[in-house]
Amino acid sequence: MTLQDLGNIGELVGAIATVATLAYLAVQIRHNSRGLEQNNELMRLSFENHIREEGTQLRALIAADPELASLWRRGLAGDADLDRAERDRFELLIVNVLNMLGAQYDARNRGLAASHRATYLFYIAKSPGFRDWWRRRRAIGGDVEFGRWIDSLTEASPADKLPAA
């Protein structure tokens with residue numbers, strides 16, 4: 001066997017090792033991709049559960065107190081006869097809704113949430129009371145794109161789907 005033959009065998013072994021390494025890397029990348037997909041699904045489910053729990057807590061709070069339930073209904077209807085204390089209480093409830101909408105907006109921008117999961121927030125956002133509150137508070141500032149998204153929610157009709165974030 002000549003030196004040339006040994007060199008050829010070495011190149012063949014190197015080529016086989018390279019192909020084997022590439023095959024191994026392809027398997028590892030596929031495995032890691034599946035793990036990332038599973039992790040993203042867990043994050044999406046966790047987020048949706050968090051929003052659902054916050055909404056449930058808010059509804060339970062309102063349902064447990066007839067006076068608060070009345071205030072909530074009147075506030076969402078845009079009742080101009082709310083006194084100062086009632087307006088303050090209603091505003092605190094609406095800030096909770098706005099925080100949930102903010103979380104929904106952020107998660108949707110990251111691909112973590114489906115629009116249909118926050119339908120109850122959509123209906124609150126299009127209520128006369130929320131729209132009036134938002135128009136008064138809109139000028140405070142914050143994320144411009146989020147503000148536009150909230151604007152689109154308040155302008156939508158009940159049959160519309162949630163606007164894209």
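Bear in mind these aren't lab numbers, they're just calculated from the coordinates by the rules spelled out. For clarity, every value in this text was computed on a predicted model and none was experimentally measured. A quick note on method: Cβ atoms are made from the backbone with ideal geometry, for glycine too, and the neighbour counts reach across all protein chains shown.
Brief remarks on what is shown
- Dipole magnitude of the stretch 46-155 about its Cα centre (Cβ charges: Lys, Arg +1; Asp, Glu -1), debye to nearest 20: 260 debye
- Each listed q (0.10, 0.14, 0.15, 0.22 Å⁻¹) maps to a log10 I(q)/I(0) for the stretch 46-155, found by the Debye formula over equal Cα scatterers with no solvent: -0.28, -0.56, -0.64, -1.29.
- Evaluated at q = 0.13, 0.15, 0.28 Å⁻¹, a Debye calculation over the C-alpha positions of the stretch 1-57 (equal weights, vacuum) places log10 I(q)/I(0) at -0.59, -0.66, -0.98.
- Comparing mean-square fluctuations of 14, 102, 147 from a GNM of the chain with C-alpha springs under 10 Å, the top value falls on 14.
- Each label point was placed 7 Å from the Cα along the Cα-to-Cβ direction; for residue 64 and residue 43 their separation is 3.3 nm.
- Label sites at residue 32 and residue 56, each approximated as a point 7 angstrom past Cα along Cα to Cβ, lie 3.7 nm apart.
- If you run the Gaussian network model on the chain, springs between alpha carbon atoms under 10 Å, then out of 122, 146, 130 the most flexible one is 146.
- Extreme residue, positive dipole direction of the stretch 1-69, given options 62, 32, 21 (C-beta unit charges): 21
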